[in-house]
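The values are calculated or read from the model by the stated rules, or taken from the named source; none is laboratory data. Nothing here was measured: the structure is a model prediction, and the numbers come from that model. We place every Cβ from the backbone using ideal geometry, glycine too, and count neighbours over all the protein chains shown. Note: accessible area is taken over every heavy atom of the protein model, side chains too, but ligands, DNA and RNA are not part of it. Shrake-Rupley method; radii C 1.70, N 1.55, O 1.52, S 1.80 Å.
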Amino acid sequence: MKYLTTENAKTTKGEDLGFLTAILYLAPSALSGRNVCSHASEGCILSCLNLAGMGAFSNVQDARIAKTKEFFKAPRAFVETLAEDIEAAERRAARLGLELCVRLNGTSDLPWENLGGEAGVNLMRRFPHLKFYDYTKNPARVRAYLAGRLPANYSLTFSRSECNGETALELARAGANVAVVFSCKRADELPAKWAGRRVIDGDLHDLRFLDGRGRIVGLRAKGPARRDESGFVVQVTEGGVK
């Protein structure tokens, strides 16, 4: 089974910037019977984009569940297959004249920096010439990233939820990038600031490693997130952010 996909509406925007993105989509939270999102909040689970786009098809959901079960059954072998997929994606990127980057947590939040293959070496160190990036709600991972304890080619963006706002601000002050979902519609402008910090438009592309440091990455609510009432989505009115 092929694990990585390079076909995604948002990541194709990165091609205009010279990057082909390969993403791993697993079954989020405990959908497969095993939890791959240890820090997911209720709002995060309800607003997950797992069912967006191609995820709305049952065969796609079945494949994501099957991949997740394969990961837990044999994680080292899973990493080896991922390495083969990355090599294939890199060849495709070269044919297209693009640079490959990899996002391993498309719909999961696993600590890939701690997951090695048969040789016990994580994928970032195995492919040091490639850029890897992820979103995470695990503050310990972001603190390790800020302290330089993660591979230099692995970029993490902290995801704000209805439960971790103070932690999000703490990490932003420490230099981390924080993704915040706003209630803005597709054509609406994002708020200029959140919690006194400038907001950049995270919907222009998904290449978070290009954002710099200490940024608030604004994302517009999509799919189930448009109906959020938990506080996961920050409400924006004519008077500003609530």
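Among (1) touching a residue at least 24 places away in the same chain (Cβ under 8 Å); (2) under 22 Å from Gly231 (Cβ atoms); (3) not in a helix (DSSP H, G or I), where does Ile23 come up short?
(2)
Determine which member of the set Leu17, Leu4 is among the hydrophobic types (A, V, I, L, M, F, W, C), open to solvent by less than 50 Å² (accessible area, probe 1.4 Å) and at pLDDT 90 or above.
Step by step, each of Leu17, Leu4 is checked, and only Leu4 is among the hydrophobic types (A, V, I, L, M, F, W, C), open to solvent by less than 50 Å² (accessible area, probe 1.4 Å) and at pLDDT 90 or above.
Among what's in the range 86-102 and is open to solvent by 60 Å² or more (accessible area, probe 1.4 Å) and outside any helix (DSSP H, G or I), pick the residue that is nearest to His129 (Cα to Cα).
If we take residues in the range 86-102 being open to solvent by 60 Å² or more (accessible area, probe 1.4 Å) and outside any helix (DSSP H, G or I), then Glu99 is nearest to His129 (Cα to Cα).
Can you tell me which residue within the range 20-53, out of those that are within 26 Å of Leu96 (Cα to Cα) and modelled with pLDDT of 90 or more, is surrounded by the most Cβ atoms within 10 Å (Cβ to Cβ)?
Here the residue is Thr21.
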